[in-house]
Structure formats: C-alpha cells, structure tokens
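Structure, as structure tokens:
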Amino acid sequence: MSVNDDAADGRRGEAPQHRTPLTPPAPTPGPDADEAKAAGPLGGSLGRTVRAGMSGETLTGRGVLDALGGWRGVAETLVPGLLFLIIFTFTRDARTSAIAPAAITVVAVIVRLVRREPLVSVFSGAAGVAIAVVATLFTGRGADYYVPGFITNILWSAGLLISAAVGWPLIGIALGALRGDLTGWRRDRTLKRVAMWLTLLWSGLFIARLAVQVPLYFAAREPDGVAATDALGIARLVMGVPLFALVVVFTWMVLSRLPRSSDDSEGESVANTGQNTSQA
C-alpha cells in the first residue's frame, strides 16, 4: 500500500467520519478566517448563519450574537443611530445631532486600526455613517441622515430578488460555496426550494424596511415633519438589529433541520453495526 493510500485510510482504529451533504469542510484558521469575520453586516452574518446551520451547530444566543458580529458589531450598528435620535429629539438641530455619530465612528475606526484589523473591517461600517453624516450636514434635515440606509436596502433587496428570479438564489450560492460545490445544490429539489424561500425571506427583510421607512422619510420632509423624523429613527432601530436577528435565527433553524442524505444514513448504520459495506 502506498503512502497516499495510508494517508487516505487514516490512522488504524480511528472511527470513520460521516458528514451530511450540508456539512462544510472545517475552516482553516488564518487571514481568510479573519477577513470572513470582518465582512460586512449582511455578507458576514449571512455566511456565518449558513455555515452554522449547515454544520448542525446548536442554535444559541451566543451563536446568534457572533453571527451579528459580536457585541462590538452590534454596538457599532446601533449606537450611531441611537445617539443621533436622542440628540435630535432634544435639540431639533440635525447638524448638531450628526456630530456625535461622526465622533463615535472615528473612535471605532481608530480602535480597529490600532488592533491592525483588515481595512475592509475598518471602513465598511464607517462608510455608511460617514455618508449619512455628510448628507445631514449638507442639507440640515434630520431625515436625510437615514438616506444611505435606503440605498443599502434597495441594493440588497434588488440583488436577492434578481438572484431568485434567475434561478440562482443567493442562499443557494452560499450553500454551494461552503460545500465546495457551487452547482450541486441545484440537483437537490429540497435544497433548491429551501434556498429559494430563504432568499425571498432575506429580500423581504429589506423590502419591509423600505415599505415602512420611505413613507416616513417623505413625511419628515414636510414643514411639520419633525414627529415623522422621530418615528423614522425609531423604525430604523427596531427594524435594524432586532429584525435582522430574527431572520438569522429562522435561517439557522431551517438549515439545521434539513434531512440527512441516504448515503450518510447508510454510513451511520454501518458505524452502529460494525459491518463494512465492502465485505457485504
């Protein structure tokens, strides 16, 4: 027997390992893992959620928090908008209210640079806040602080819907990428159907935000639209991390409950009985 055969067979006495077709290969630590962890809110969360569900990882609060980027990721998402809303409620001055989110974002960027985190991680979250602050300082309208969020929601909802319309739902692509087979999931009706519905669910998240918040934005642009600006800020917070977390949980639960393959079930039966199919 050759060295390659020995390596393929593994050590003597080691129990054979069986994986479901949904189980991705074990991730290799290194820069790539750091980049994945530092990915943007949806990209990183979507990838971590799909991987956790595929691998059968137990759904836990800590797991969901990690999928959302950890406490720091959640804070960097919530705090700027919360500060803007609080200060604007008391001062009714949009330009003054935009200073605090800008300062918090600068501090967050400095912390990430000092920690020598990837540049994608440093600037991905800061870019949206920076655009929002600049827009608010330029127009002086509080409602304009939320315009960049509309653009993000439009782009993601359109991308998800287009991927579903052409038969390549984004969740399916994520499944294929993590399994190392970009097209295999399309041959499994169950996987294809689940990928399609989950992709539509994620697009529904962004569409729901737009459906609620865009009318509030136009109402806030009216001369007496101060209250609508406050409502827009509250809607942005409620439909932000909390709603996003619900979609993450549902996606995780659905993927973790997908049935195991018949080949894998046969392998488990062999492992339990101690028989070898090659000797049958």
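The values are calculated or read from the model by the stated rules, or taken from the named source; none is laboratory data. Quick caveat: nothing in here was measured; it's all calculated off a predicted structure. Cβ atoms come from the backbone with ideal geometry, glycine included; neighbour counts cover every protein chain shown. We work out accessible area using only protein heavy atoms, side chains counted, and drop any ligands, DNA or RNA first. Shrake-Rupley method; radii C 1.70, N 1.55, O 1.52, S 1.80 Å.
Can we say W197 is open to solvent by 50 Å² or more (accessible area, probe 1.4 Å) and assigned to a helix (DSSP H, G or I)? Outline the logic, then answer.
Working: open to solvent by 50 Å² or more (accessible area, probe 1.4 Å): yes; assigned to a helix (DSSP H, G or I): yes.
Considered against the rule, which asks whether it is open to solvent by 50 Å² or more (accessible area, probe 1.4 Å) and assigned to a helix (DSSP H, G or I), W197 comes out as yes.
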Legend entry - Filtered residues of the range 73-117 (kept if in a loop (DSSP other than H, G, I, E, B) and either free of Cβ contacts under 8 Å to residues at least 24 places away in the same chain or open to solvent by 50 Å² or more (accessible area, probe 1.4 Å) (or both)): R92, D93, R115, R116
Legend entry - The one condition in (1) open to solvent by 50 Å² or more (accessible area, probe 1.4 Å); (2) of a type outside the set (F, W, Y); (3) farther than 21 Å from I234 by Cα that G69 fails to fulfil: (1)
Inset, instruction - State whether one or more residues within the range 107-127 are closer than 16 Å to L83 by Cα and β-branched (V, I, T). - result: yes
Inset, instruction - Assess whether D181 counts as being in contact (Cβ under 8 Å) with a residue 60 or more places away in the chain, more than 24 Å from G73 (Cβ to Cβ), out of contact with any strand residue (DSSP E or B) (no Cβ under 6 Å at 6 or more places or on another chain) and open to solvent by less than 70 Å² (accessible area, probe 1.4 Å). - result: no
Legend entry - Answer from L160, L175 - the residue that is at pLDDT 95 or above, in a helix (DSSP H, G or I) and surrounded by 16 or more Cβ atoms within 10 Å (Cβ to Cβ): L160
Inset, instruction - Kindly list, by first and then second residue, each pair from a residue in the range 219-242 that is under 15 Å from F206 (Cα atoms) and of a type in the set (S, T, N, Q) to a residue that is crowded, with 17+ Cβ neighbours inside 10 Å and modelled with pLDDT of 95 or more, limited to pairs with Cβ atoms under 9 Å and residues at least 6 apart or on different chains. - result: none
Legend entry - Filtered residues of the range 174-200 (kept if over 15 Å from I154 (Cα atoms) and hydrophobic (A, V, I, L, M, F, W, C)): A174, L175, A177, L178, L182, W185, L191, V194, A195, M196, W197, L198
